[in-house]
Amino acid sequence: IKARETPEVLLDELGPRAFIDEAQRAPELFLAIKAIVDLTNRPGAYLLSGSNQSRMKSEVSDSLLGRAAYRTLRPLTLSELRFNESHPGWSFIFGNEKTGVMTELEQRKNSSGEPSWKEMVKAGGFPRALAADRNYRSQVLNDYVEVFVNRDIREVVGIESPERFEQFFRLMCARTGRELNASAVSNDLGISVNTVRRWIDALKRSYLIETILPYSRNASQRVIKAPKMFVVDPALALAGSQEKEPNGFHLETLVCADMLQWRDGEPNRAVYHWRLASGQEIDFIIEENQKTVPVEVKSTDRIKPRDAKHLRKFIELNPETPRGILLSCDPEIREIDDKIIAAPWWAVI
């Protein structure tokens, strides 16, 4: 009540450094914060968070234009669950010295132990689900899906049929890690393509899914232009699809979540996927300072040389790339080719 009726008084009581959660519920706060920021010119005075991203961005854009920096608060990464002080990230993979990259992989592998990717997928990164007993985590996430489709989504986009939207959301969860085809989704659910695109945009603005664009720097390559879609948290994807056991797409989703955390850290980073019309495809192309590295993710326990054939194709077409990385459940770190390194997934994230 005080935040809405007397925001100036509340801010005075909170003092010069304050964290305000669910700030979008009291839009009166933003003009009061603007007045203080303009008067004191003190950076980092307020940390504002909110569960409704659309309303938060609208209020900040209207009231705090040029005075606020945005950060996306994603589900907890494995490094955060290990209580690392900083996210280790993927930048070391771009290093010029292969021995340095191999050494870093070995050090990370040894410090991480050998976690079960299926258990990591089931746990996910949503704090409330993590705090629940492991036997009830899927129920917590399933309840979240139902609350979101029956209440929260209405603050983002108009929904005529919550039941149909729930079917759509659960279908997206079932298709995490796959190419996004709006026409196929339209046919499966019996809704228009425009509705599918509008609902996809709503899920993106709610930070529940991410689309990964295709990579192409060579106009002569017949690249498939469809984006890939990922649910932001693998446990949410598993619970939302009502599947019992994780599959390889969930491992890929787990890796993607960590990549996106790294990408958000600097404006010169990007994450893509790659697929040619002839069938060759790679799960991720990561980019930093205009350098690219292809990353393939496999759930197999034993890597074989043929598993790197698509990485070889990408390197053949893009010889400037320093190396390719093949992540799997195989614990051995080794060179498969001169420019391809195989490593366990836990040696990176």
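The values are calculated or read from the model by the stated rules, or taken from the named source; none is laboratory data. Quick caveat, the model's predicted, so the values are computed rather than measured. For neighbour counting, all protein chains shown are included, and Cβ atoms are generated from backbone atoms with ideal geometry for every residue, glycine included. These area figures cover heavy atoms from the full protein model, side chains too; ligands, DNA and RNA do not enter into them. Shrake-Rupley method; radii C 1.70, N 1.55, O 1.52, S 1.80 Å.
Miscellaneous remarks
- ILE159, sole failed condition from (1) outside any helix (DSSP H, G or I); (2) touching a strand residue (DSSP E or B) at 6+ places or on another chain (Cβ under 6 Å): (2)
- Hits in region 293-349 - residues which are part of a strand (DSSP E or B), open to solvent by 30 Å² or more (accessible area, probe 1.4 Å) and of a type in the set (A, V, I, L, M, F, W, C): ILE336
- The set of residues from region 71-85 being open to solvent by 50 Å² or more (accessible area, probe 1.4 Å), modelled with pLDDT of 80 or more and on the phi < 0 side of the Ramachandran plot comprises ARG71, THR72, LEU73, LEU76, GLU80, LEU81, ARG82, ASN84.
- Note on region 210-221: residues that are open to solvent by less than 20 Å² (accessible area, probe 1.4 Å) and either at pLDDT 95 or above or among the small types (Gly, Ala, Ser) (or both) total 1.
- The number of residues in region 86-102 that are open to solvent by 70 Å² or more (accessible area, probe 1.4 Å) and under 12 Å from ILE341 (Cβ atoms) comes to 1.
- Applying the set (1) in contact with a Ser or Thr (Cβ under 9 Å, 6 or more places away or on another chain); (2) among the acidic types (Asp, Glu); (3) open to solvent by 30 Å² or more (accessible area, probe 1.4 Å) to ASP233 leaves exactly one unmet item: (3).
- Residue within region 179-201 that is crowded, with 17+ Cβ neighbours inside 10 Å and closer than 22 Å to GLY50 by Cα present: yes
- Residue match in region 129-151 (condition: surrounded by fewer than 16 Cβ atoms within 10 Å (Cβ to Cβ) and within 21 Å of THR72 (Cβ to Cβ)): no
- Note on region 60-99: residues that are closer than 28 Å to TRP117 by Cα, part of a loop (DSSP other than H, G, I, E, B) and not polar (S, T, N, Q) amount to 13.
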